[in-house]
Amino acid sequence: MLNFTLIVTLAVVVLALIFDFINGFHDTANSIATSVSTRVLSPRAAIIMAATLNFLGAFISVKVAKTVGAGIVSPESIPQTVIIATLLGAIIWNLVTWYFGLPSSSSHALMGGLLGAAIAFSGSFSIVNWLNFFEKVLLWLFLSPCIGFIVGFLFMNFLNFVLRSWRPAAVTKVFSKAQIASAGLMALNHGGNDAQKSMGIITMALLSGGLIPQFDVPFWVKFACALAMAAGTSVGGWKIIKTMGVNMARLAPVNGFAAETGAAAVIFTATMLHAPVSTTHIISTSIMGVGAAKRLTSVRWTVAKDIVWAWILTIPITALLSGAIFLIINMVI
């Protein structure tokens with residue numbers, strides 16, 4: 001039995017790190033799309049910076065990891081096969097949305113997968129801590145895009161007011177440099193929120209398998225998840241970078257600075273509130289808000305509509321997918 005537990009735990013760790021790696025290249029666009037599209041950074045320089053800061057950001061805290069790994073479904077109430085089904089469903093959805101260039105949420109893919117697999121295992125909705133799910137996940141699913149849009153819109157209008165007497169060439173020169181800092185801040189906060197989700201899942205599996213006595217993220221888990229996300233980031237996600245940095249709205253360096261700084265502030269706030277938010281949602285709507293500050297027609301709303309549909313569908317589709325995968329695993333094992 002112990003050997004079987006160790007094998008299943010190893011499978012969870014490998015799948016979680018694969019998820020983390022895919023999350024890295026899927027969400028690379030979150031931190032560098034605007035910098036690349038405004039030509040402030042070359043793609044190579046942007047990816048190296050994002051990978052490094054994603055790695056460092058993963059060590060900021062473990063508050064989000066605890067929400068993901070113990071706040072929605074109790075680790076003691078599920079077998080490790082539930083976690084395997086969760087990860088497989090989330091990975092499949094991430095790859096599908098990456099293939100079509102849609103910046104969907106890796107976070108909500110993971111949460112949807114966990115719900116579906118846990119409910120399929122128990123045959124009951126009561127296995128889920130719905131209060132935590134609504135407060136930490138669903139509420140932020142709706143709030144974060146709205147906050148991202150409002151912050152981007154207001155911050156861009158503030159900058160327009162402050163810089164109204166500046167010459168366009170001076171604005172471009174100053175914010176070409178400032179945007180490097182804002183992109184770095186965005187990458188750091190992306191690592192700080194997103195890498196914790198895989199940490200939470202692995203720690204959940206360790207506790208579920210009886211390999212640790214309480215929910216406490218081991219250092220090796222932090223390091224492995226940070227490294228996997230940094231490695232994924234180094235691969236890049238060019239389809240999504242194009243969608244966010246070019247197709248959604250045409251940006252100048254000052255616009256990119258406003259979008260990244262506003263989004264980084266929102267993500268940091270959510271991380272401190274233990275919320276596993278979608279960094280994709282926040283930077284996407286921040287870009288929309290910045291574009292709308294110029295004029296509403298600056299935003300390509302048809303692209304935005306496709307992205308919104310991906311957001312809406314992520315949790316229910318991954319819940320169904322992971323639930324089905326668990327039932328298949330359960331029949332085989």
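The values are calculated or read from the model by the stated rules, or taken from the named source; none is laboratory data. Please read all numbers here as calculations on a predicted model, not as lab measurements. Reconstructed Cβ throughout: ideal geometry from the backbone, glycine too, with neighbour counts over all protein chains shown.
The requirement of being under 15 Å from the mean Cα position of the chain (by Cα), assigned to a helix (DSSP H, G or I) and at pLDDT below 90 is fulfilled nowhere in the stretch 69-90; no residue meets it. Among the residues of the stretch 127-136, not a single one is acidic (Asp, Glu), assigned to a helix (DSSP H, G or I) and touching a residue at least 12 places away in the same chain (Cβ under 8 Å). Return the residue satisfying two criteria in turn: it lies in the stretch 212-237 and is of a type in the set (A, V, I, L, M, F, W, C) and outside any helix (DSSP H, G or I), and of such residues it is surrounded by the fewest Cβ atoms within 10 Å (Cβ to Cβ). Checking each candidate, the answer is Ile212.
For Ala50, the conditions (1) crowded, with 24+ Cβ neighbours inside 10 Å; (2) without any contact (Cβ under 8 Å) to a residue 12 or more places away in the chain are fulfilled apart from (2).
Would you call Leu110 touching a Lys or Arg at 6+ places or on another chain (Cβ under 6 Å) and surrounded by 15 or more Cβ atoms within 10 Å (Cβ to Cβ)? In short, yes. Across the stretch 151-169, a minimum of one residue is classified as in contact with a helix residue (DSSP H, G or I) (Cβ under 6 Å, 6 or more places away or on another chain), outside any loop (DSSP other than H, G, I, E, B) and surrounded by fewer than 19 Cβ atoms within 10 Å (Cβ to Cβ). Total residues in the stretch 96-121 satisfying the condition of being more than 27 Å from Gln214 (Cβ to Cβ), at pLDDT 85 or above and out of contact with any Phe, Trp or Tyr (no Cβ under 9 Å at 6 or more places or on another chain): the figure is 1. Restricting attention to the stretch 113-126, the residues that are in contact (Cβ under 8 Å) with a residue 40 or more places away in the chain and either among the polar types (S, T, N, Q) or exposed (fewer than 15 other Cβ atoms within 10 Å of the Cβ) (or both) add up to 1. Looking only at residues in the stretch 202-211 that are touching a Ser or Thr at 6+ places or on another chain (Cβ under 7 Å) and part of a helix (DSSP H, G or I), which one is nearest to Gln80 (Cα to Cα)? The extreme case among them is Ala205. Name the residue, out of Val303, Val308, Val266, Val299, that is of a type in the set (Val, Ile, Thr) and modelled with pLDDT of 85 or more. Checking each option against the conditions leaves just Val266.
At pLDDT 95 or above, under 28 Å from Ser234 (Cα atoms) and not small (Gly, Ala, Ser): does that describe Leu56?
So Leu56 does not fit the description; no.
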